[in-house]
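Structure, as structure tokens:
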Amino acid sequence: MDENLKKQQELYDRGWRKELQAGKEERGNLLTNLEFLAQIDLLKPQDRILEIGCGIGTIVNELSSKGHDIIGIDISGEAIEYGGKKYGDIRLEVQAAETLPYEDESFEAVLSFDLFEHIAAIDKHISEVKRVLGPGGYYLFQTPNKCSNIIYETLWTKSLQWRRYHPSLHSPGQLRRRMARHGFETRFVKMNPINEFTEKKLQKLGPLGKILRRLDFRRMPLVLQTNLYVIANKISK
């Protein structure tokens, strides 16, 4: 692991340590992420699956309980250690997203949630995902929509510091073009992200948050989605 990744690992270990001590086990919208996987219904029981940025391994545990052959990796040893103690007999490994220690065409599906936007070397990451996917395999992921996220983050933090922790935000068009350059055909699935997790975040926006809570995002244009739920199909070697 190079020096930059080591610093990143230290940062995420500190973050996970603090949040786990405070009783916070999930960083993303777990409910909507699981709904996405159930709705698209692309994962078959015999599929070999890799989740990158798995955190403590909740989705790994969920899919393992349904008979899927799944490995979860995360750069944070703190998260992986906690998940191993919490869930027991599931496969979790400490590993960065930019260099995957698996053979070519090892998996039928790769998953990631709230990871893509954090990776500075995003082309290297996508290349690695493509390499480990078998022919016709799927990269199924969720990432904040640049078009809406930069507004939310700027209002919330009253600064432009999102550029530091979200170096790879994409609009729908940017994301489709980048994935195409790597040999993926991309389509988007509109999900309604409003639940207990997002309502807590929306409270910080005051009156605007109250308006957003009433919206059904599945009826809104793709460019206005809070998060992009992506089905990227590997169409070339």
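None of the figures in this text is laboratory data; all of them are computed from the coordinates on show. On a predicted model such as this, the values are computed, not experimentally measured, just so you know. So basically every Cβ, Gly included, is an ideal-geometry build from the backbone, and we count neighbours across all protein chains shown.
Worth a mention:
- Prolate/oblate/rounded label for segment 1-41 (Cα gyration tensor, a/c 1.5): oblate
- Stretched out straight at 0.36 nm per residue, the stretch from Ile235 to Lys124 would grow longer than its current Cα-Cα span by 38.2 nm.
- Ala180-Lys66 FRET efficiency (beta carbon distance; Förster radius 22 Å; 0.05 resolution): 0.10
- Label-point separation, Leu31 to Arg131 (7 Å along Cα→Cβ), nm: 3.9 nm
- Amide H within-cut-off set for Arg48, under 5 Å, with H built and near neighbours excluded: Glu108, Ala109
- Cut-off 15 Å between beta-carbons: net charge of the residues surrounding Asp2, Lys and Arg +1, Asp and Glu -1: -1
- Prolate/oblate/rounded call for segment 46-101, Cα gyration tensor, a/c under 1.5 rounded: oblate
- For His170, distant residues with modelled amide H under 5 Å away: Lys146
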